[in-house]
Each structure stands twice: as C-alpha cells, then as structure tokens.
Amino acid sequence: MYSEAHKSIDVDVFKEIIENELFHAKLEEKFNLLELVRKVNGVEIRIPGLDIDRKKETANIKFKQFGFKAKTDFDLEFRKDVFENETIIKIVPKKVYELQDRVKRLPEPYCDRGKLLLALLSDSFERLKIKSKNIIHNSDNDKQIGHYAKKNIQMAKRNCYDARLFLHKIQKTKNKDAIFLTFMANIFMINVLTFLQKMFSSYYNEKEIERLKQKVELYDAIDLNVLMEHKAEYVVANKQEQFDDDISDDFRIKVNGQINALVTVFYDLRNKQLQNGKNFLEGSDKAFIHILSNNFFDKKGNPVKPSTIIKCLQDYNDDKRAKGDKRHDIDPYF
C-alpha cells in the first residue's frame with residue numbers, strides 16, 4: 001500500500017491552491033484556514049476488504065509519506081465503499097504548519113486574504129519538505145529517488161508556467177487584490193521549484209532553472225498600468241490636503257546628482273538584510289514612489305517621475321540603477 005511513494009507527484013497541491021476559490025470568491029466571503037488545509041492536504045487511502053483490522057492498519061500508516069510530522073497532527077476517518085469492496089481511510093490534518101524558512105523577495109501580504117493564502121502555501125510547503133525527506137531516507141534505491149525528483153521538478157516547472165498564465169488572466173479583471181495574490185503565489189512557486197532542485201541535486205541531473213531568470217519572466221508578465229494609479233494620484237491634487245504653494249518647496253529636497261543614484265540608495269536599503277533576518281527598510285513600491293515623488297525634485301526643479309522610480313526599484317532592472325562610483329555604498333553604515 002505504501003511502497004509506491006516515489007511515484008507520487010506531491011507538488012500538484014500548489015496548482016490546486018492556485019485554482020482555489022480564494023482568487024475568485026467575493027471579497028466579503030470568509031475562509032477558514034484549517035478547512036482549506038484539510039481540503040488541499042487531506043489524504044485518502046483505500047484498503048481491500050470491508051472488515052479490516054483498524055488498529056493494525058492505523059499502526060501501519062507511514063504518516064511522513066503524507067506530509068505529517070507526528071501522529072498527533074491528524075485524525076482518521078473510516079468509511080466503506082461496498083461497490084469496490086474497499087475500506088477508505090481518510091487522514092485529516094488537525095494542525096497548520098508554519099513556514100520554517102524565509103521565502104526570498106516574497107512581498108508581505110497587506111490584506112487578510114493575502115495572509116490566508118500565504119499561510120496555506122506555507123503549510124503545503126512544509127508538508128512537501130517532509131515528503132521529500134521521507135523519499136530520500138526511505139526509498140529502496142537512488143533510482144526511485146531520481147524518479148520522484150524528475151516527476152516533481154518537471155511538474156513544479158509546469159506549475160510556475162501555469163501560475164504565470166493565471167497572472168495574465170487575472171490582470172484582465174483589474175482586481176488589484178487578486179493580482180497581488182497571484183503575484184505572491186508565483187513568487188512562492190519559484191521558491192518551491194528552487195527547493196526541489198537543491199534537495200534532489202544529487203539524484204536528478206538537469207540544468208537548474210535560475211531563480212532570477214524565473215523572476216524576470218514573472219516581472220515581465222506584470223502590467224504596471226493596471227497596478228499603478230495615474231500619476232495625478234501620486235501628487236495630491238486637493239489644495240486643502242497639500243502645503244501652501246508658497247512654502248511647498250521648503251518641504252522638498254533638491255537632488256543635484258543623478259536621480260537614479262538616489263533611488264538606488266533606497267533600493268539598496270530595502271534589500272539590506274540585518275542580523276535579525278529583516279531588511280533595513282520595508283515597504284511597498286507604492287510607498288517608495290509616494291515618498292520619492294513628493295519629497296524630492298531634480299536639479300531642474302522637476303518632481304521625480306514615478307515611472308523612473310518603479311524602474312529602478314524592480315529587481316530585474318539592474319541596468320536602470322546607478323553603477324560604479326555613482327552608486328553610493330551603504331555598507332559602511334552597517
């Protein structure tokens with residue numbers, strides 16, 4: 001019953017999450033995290049016969065094969081399928097696993113649904129780690145491990161591709177929350193793929209997909225015109241909400257050097273990791289655009305353009321950031 005673990009495709013769960021109603025349901029609808037975990041990570045095992053020894057079969061369950069850390073982390077439900085002359089054992093998760101590793105460059109969810117999605121992805125990722133380690137430790141030979149690695153890595157690549165297609169589709173709705181959720185799921189899946197490639201590098205030799213290349217393709221799929229408000233929305237139009245014209249320049253800072261050198265400093269500070277694992281600056285692109293465009297102007301007296309800022313802030317636009325002597329070194333301050 002359990003000897004075929006190396007033939008399972010465990011990354012399918014992430015495709016199921018992408019297709020979940022989290023992305024499609026109305027915003028006012030509520031979701032229960034544990035119920036979602038049970039839906040995507042519940043397992044059914046079929047045992048021949050209707051009168052089985054429940055105690056014996058329960059003891060035989062190799063729970064790590066199904067992504068559980070301990071026997072106390074799940075409940076068992078039994079039912080009979082008289083037509084197939086089988087007993088169905090359903091393994092029901094009763095605990096949500098928290099993410100143990102930091103996912104690089106994953107944007108911080110700003111809404112409850114985003115936090116829910118991240119928790120669901122994190123739980124599934126932790127279960128995938130348990131399954132992967134179980135394959136390595138309990139397979140009969142390296143060939144079985146290589147078979148598992150090949151199937152799951154290929155499917156993980158497919159998941160990344162499908163998630164990107166879903167991002168194209170969801171952008172047509174112009175629902176910024178849904179776009180953000182899909183973008184976050186894309187970033188997460190790239191990290192899942194990277195994990196599998198590193199975990200099974202000794203058993204499956206195939207050219208590794210570079211994480212940066214995957215992210216470049218992902219960023220290229222984003223329609224910034226949908227995500228970014230019109231320029232006028234970054235500059236407060238209402239006179240009652242802005243400083244008096246006569247004194248507004250007193251609250252702006254003139255940049256006598258290159259604007260991209262200034263934005264590069266903010267980019268570097270946002271990516272500078274501290275000893276506690278957090279970055280020195282945290283904030284959305286929109287927040288940085290608001291700060292820079294409303295508080296700085298160039299040597300000609302023009303406000304910094306949001307389009308210039310967003311280009312410098314995007315990871316894959318390294319050519320837009322300052323280089324060499326024009327790039328200010330922030331490391332001495334740390």
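Remarks
- D285 being within 24 Å of M184 (Cα to Cα), surrounded by 13 or more Cβ atoms within 10 Å (Cβ to Cβ) and assigned by TED's automatic domain parsing to the domain that holds N256: yes
- Residue match in the stretch 18-33 (condition: at pLDDT 85 or above and among the charged types (D, E, K, R)): no
- All positions within the stretch 298-326 that are part of a loop (DSSP other than H, G, I, E, B) and buried (at least 16 other Cβ atoms within 10 Å of the Cβ): D298, V304, K305, Q314, R321, A322
- Some residue of the stretch 248-255 being without any contact (Cβ under 8 Å) to a residue 12 or more places away in the chain, farther than 24 Å from I187 by Cβ and either in the same structural domain as D101 (by TED's automatic domain parsing) or within 31 Å of the chain's Cα centre (by Cα) (or both): no
- Put simply, of K157, K174 the only residue that is more than 20 Å from Q314 (Cα to Cα), modelled with pLDDT of 85 or more and either of a type in the set (K, R) or buried (at least 17 other Cβ atoms within 10 Å of the Cβ) (or both) is K157.
- So F74, is it surrounded by fewer than 13 Cβ atoms within 10 Å (Cβ to Cβ) and of a type outside the set (D, E, K, R): no
- All positions within the stretch 277-297 that are assigned to a helix (DSSP H, G or I), within 22 Å of I222 (Cα to Cα) and out of contact with any helix residue (DSSP H, G or I) (no Cβ under 7 Å at 6 or more places or on another chain): K286, A287, H290
- Among the residues of the stretch 308-321, those that are touching a residue at least 60 places away in the same chain (Cβ under 8 Å) and more than 18 Å from L106 (Cα to Cα) comprise K320, R321.
- Qualifying positions in the stretch 47-67 - within 21 Å of N134 (Cα to Cα) and among the basic types (K, R): K62, K64
- Selected residue (only one of D123, D162, D112, D142 is crowded, with 18+ Cβ neighbours inside 10 Å and among the acidic types (D, E)): D123
- Criterion: at pLDDT 90 or above, crowded, with 16+ Cβ neighbours inside 10 Å and of a type outside the set (D, E) - qualifying residue of L181, L118: L118
- A Cβ distance below 7 Å, combined with a sequence gap of six or more or placement on separate chains, defines the contacts here; from the stretch 35-56, residues that are in the same structural domain as I9 (by TED's automatic domain parsing) and surrounded by fewer than 17 Cβ atoms within 10 Å (Cβ to Cβ) reach no residue that is part of a loop (DSSP other than H, G, I, E, B) and of a type in the set (G, A, S).
- Restricting E44, E21 to residues that are under 18 Å from the mean Cα position of the chain (by Cα) and under 25 Å from E98 (Cα atoms) narrows the list to E21.
- Contact annotation: residue pairs with Cβ atoms under 7 Å, 6 or more positions apart or on different chains, pairing a residue in the stretch 175-197 that is part of a helix (DSSP H, G or I) with a partner that is of a type in the set (F, W, Y) and at pLDDT 90 or above, are M189/F14; V192/F14; V192/F125.
- Residue in the stretch 214-228 that is within 30 Å of N302 (Cβ to Cβ), of a type outside the set (S, T, N, Q), surrounded by 13 or more Cβ atoms within 10 Å (Cβ to Cβ) and modelled with pLDDT of 70 or more present: yes
- Those residues of the stretch 235-276 which are part of a loop (DSSP other than H, G, I, E, B) and at pLDDT 80 or above, in sequence order: V255, N256, G257, Q258, K272, L274, Q275, N276
- Residue within the stretch 122-141 that is part of a loop (DSSP other than H, G, I, E, B) and under 17 Å from K62 (Cα atoms) present: yes
- Where F166 falls short, out of the listed (1) at pLDDT below 90; (2) more than 20 Å from D12 (Cβ to Cβ); (3) not polar (S, T, N, Q): (2)
The values are calculated or read from the model by the stated rules, or taken from the named source; none is laboratory data. Because the structure is a prediction, the values reported are computed rather than measured. All Cβ positions, glycine included, derive from the backbone under ideal geometry; neighbour counts span all protein chains shown.
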